[in-house]
1. When every alpha-carbon pair in the stretch 206-247 is counted, what percent end up more than 13 Å apart?
2. Once Rh for the stretch 145-278 is found with the Kirkwood sum over Cα pairs, what is the Stokes-Einstein diffusion coefficient at 20 °C and 1.002 mPa s, in µm²/s?
3. Going through the stretch 278-321, which trypsin sites (Lys or Arg not before Pro) have at most 12 other Cβ atoms within 10 Å and a DSSP loop state?
4. In Å², what does the accessible area per residue of the chain work out to with a 1.4 Å probe?
5. Computed over the Cα atoms of the stretch 1-116, what is the convex hull's projected area averaged over all directions, in nm²?
6. I'd like the carbon and sulfur percentage of the solvent accessible area for the stretch 127-192, probe radius 1.4 Å, heavy atoms only, ligands and nucleic acids excluded.
7. Any idea what the relative contact order of the chain is, in percent, if you count C-alpha pairs under 8 Å spaced at least 6 apart?
8. Above 13 Å lies some portion of the pair distances; for the stretch 69-129, what is it as a whole percent of all C-alpha pairs?
Amino acid sequence: MKLATLKEGGRDGSLVVVSRDLTLCQPVPAVARTLQAALDDWDAAAPRLAETYAALNNGHARHARPFDPRHCHSPLPRAYQWADGSAYLNQVELVRKARGAEVPASFYTDPLMYQGGSDSFIGPRDAVVAQEAWGIDFEAEVAVVTGDVPLGATPEAAARAIRLVMLVNDVSLRNLIPAELAKGFGFFQSKPASAFSPVAVTPDELGEDWRHVKLHRPLVVTLNGRPFGRPDAGTDMSFDFGRLIAHAAKTRELEAGSIVGSGTVSNRPPGLERSSIENGGVGYCCLAELRMVETIEQGQPATPFMRHGDTVRIEMFDREGGSIFGAIESTVACASDHAEGND
């Protein structure tokens with residue numbers, strides 16, 4: 001089934017069930033007013049939500065209304081946990097190669113992960129507010145939402161705790177990252193609020209494209225209307241979501257509603273010169289990867305980071321060409337225009 005949160009009914013929005021073709025939705029206040037409430041009582045809520053989903057798809061829903069992604073929050077407007085991995089080692093290898101450094105052996109056996117801010121996310125059609133000098137970048141990823149995960153859960157147990165799958169634009173401010181990491185205390189200012197897809201779906205909705213605890217579909221990215229990337233999210237994913245969740249739960253419990261991301265989707269090209277879409281490759285899911293390729297090939301990056309007014313669109317399609325999660329469309333707005341006291 002497919003679920004979304006509308007920007008109505010308070011800070012955490014109102015849960016709706018969305019039809020498979022993303023044209024209709026229906027509020028379900030008698031089941032759960034918010035997605036978090038549904039996740040807190042998933043065993044009881046899920047069958048009732050599934051009944052509404054079937055009615056929507058069969059044309060029998062009694063209170064259906066048009067679904068408009070522009071009215072959506074991220075499925076969880078805020079969450080108890082947002083932990084983002086780095087499961088695609090091609091990108092890690094490119095970073096090291098651009099610096100002339102080797103990849104530590106542990107990176108191939110132990111996932112990289114950081115804990116992001118989760119007190120608020122931006123909606124799938126909301127602006128990314130930042131200054132150009134900060135080096136604004138997008139990162140197109142897949143993410144999962146979990147139920148309760150016990151401390152020390154195995155990857156197999158962690159995989160069984162996956163409730164929903166969605167897409168994410170994990171915004172990065174690249175020019176702020178080096179100084180923060182140099183302090184030895186990790187990201188904070190350089191990782192502002194992320195945006196998630198309008199719709200989150202249960203793994204069974206993905207059919208055979210959800211296998212080995214990975215989503216095997218191309219992630220389609222356009223920048224200002226031009227094709228930028230279409231790598232397959234299941235290819236070259238070194239750590240599946242079971243491994244990533246188990247890594248996060250090694251020393252703590254994860255509560256229902258925790259979000260775990262894959263990291264920027266990246267495929268290994270047959271050769272760097274053939275990695276871009278223009279040259280027949282699958283392209284990229286962030287500007288930083290393209291800039292690393294340019295640095296390796298030319299000695300310095302040529303592509304700028306995002307500027308005010310730039311728009312990135314992130315979407316995934318099923319085998320029939322239908323949008324699975326709806327699209328994230330993030331347009332960059334100037335931070336000064338949103339400063340306190342400005343209209």
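1. 59
2. The Stokes-Einstein estimate is 128 µm²/s.
3. Arg307, Arg319
4. Accessible surface, normalised per residue, equals 45 Å².
5. Taking the Cα atoms of the stretch 1-116, their convex hull projects to 10.1 nm² on average.
6. The computed percentage sits at 59.
7. In percent, rounded to a whole number, it is 22.
8. Counting pairs separated by more than 13 Å, the tail of P(r) holds 72 percent.
The values are calculated or read from the model by the stated rules, or taken from the named source; none is laboratory data. None of the values given here were measured: they were computed from a predicted structure. With ideal geometry, Cβ positions are generated from the backbone for all residues, glycine too; neighbour counts draw on all protein chains shown. Surface areas here come from the heavy atoms of the whole protein model, side chains and all, with no ligands, DNA or RNA. Shrake-Rupley method; radii C 1.70, N 1.55, O 1.52, S 1.80 Å.
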